[in-house]
Amino acid sequence: MITIIAGTNRADSMTIRVAQVYYDLIQATGTDVQLLSLENKQVWERGASMLDLEQQYLIPAQKFLFIMPEYNASFPGVLKMMIDNSDIKKCWWYKKAALVGISDGRAGNLRGLEHMTAILHYMKVHVLYNKMLLSKISEEVSRENGLLKPETAKQINLQIDEFIQF
């Protein structure tokens, strides 16, 4: 199973829109996939809510697809809190991950993806080499029509195909 993690808790974010695009495309391949939005999730402590999140989304997954907006040249703290408050061995060790960075600027959250790659390697997670950098995100994804550029759709489908085979 693949768990897609929309790595922000902001309501109505571009992150959740991109995550939904990935969810729809992966589901269309017949692959078992689920979507975890961090919106309204209590991940800042290891309480009942975090334990439920682990049982439903993290422990059963063999692969994770992180959709991460750029926050101050990295990624949102809520995503790091979720990781820090999870059972690292049960949730992450020896699993696989793919990364998608999104930003309003030009770099597509490249620094955040590098930061997350280092964290995932520390947690013994294998990271797909093909990382998607989505810059100027409002020109790439719309609320109504999903992906706006055919070349971006082509590259996302290539990443998904590689991730499923990974």
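The values are calculated or read from the model by the stated rules, or taken from the named source; none is laboratory data. Because the structure is predicted, anything quoted here is derived from the model rather than measured. All Cβ positions, glycine included, derive from the backbone under ideal geometry; neighbour counts span all protein chains shown.
So here's what we get for this one:
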{"item": "In the stretch 21-47, the residues that are in contact (Cβ under 8 Å) with a residue 24 or more places away in the chain, of a type in the set (S, T, N, Q) and outside any loop (DSSP other than H, G, I, E, B)", "result": "34, 37"}
{"item": "Test result for residue 18, buried (at least 20 other Cβ atoms within 10 Å of the Cβ), in a helix (DSSP H, G or I) and not small (Gly, Ala, Ser)", "result": "yes"}
{"item": "In the stretch 154-166, the residues that are farther than 15 Å from residue 108 by Cβ and under 17 Å from the mean Cα position of the chain (by Cα)", "result": "157, 158, 160, 161, 162, 163, 164, 166"}
{"item": "Qualifying position, being surrounded by fewer than 20 Cβ atoms within 10 Å (Cβ to Cβ), farther than 17 Å from residue 6 by Cα and out of contact with any Gly (no Cβ under 6 Å at 6 or more places or on another chain), among 123, 81", "result": "123"}
{"item": "Residue tally, condition over 17 Å from residue 106 (Cα atoms) and not basic (Lys, Arg), over the stretch 132-147", "result": "5"}
{"item": "Residues that are modelled with pLDDT under 95 and crowded, with 19+ Cβ neighbours inside 10 Å, drawn from the stretch 22-49", "result": "43"}
{"item": "Yes/no for residue 69 being within 21 Å of residue 141 (Cβ to Cβ), buried (at least 19 other Cβ atoms within 10 Å of the Cβ), out of contact with any Leu (no Cβ under 9 Å at 6 or more places or on another chain) and of a type outside the set (A, V, I, L, M, F, W, C)", "result": "yes"}
{"item": "Helices (runs of 4 or more DSSP H) completely within the stretch 63-166 that count 1 or more residues being within 24 Å of residue 44 (Cα to Cα) and at pLDDT 95 or above", "result": "77-84, 88-91, 110-122"}
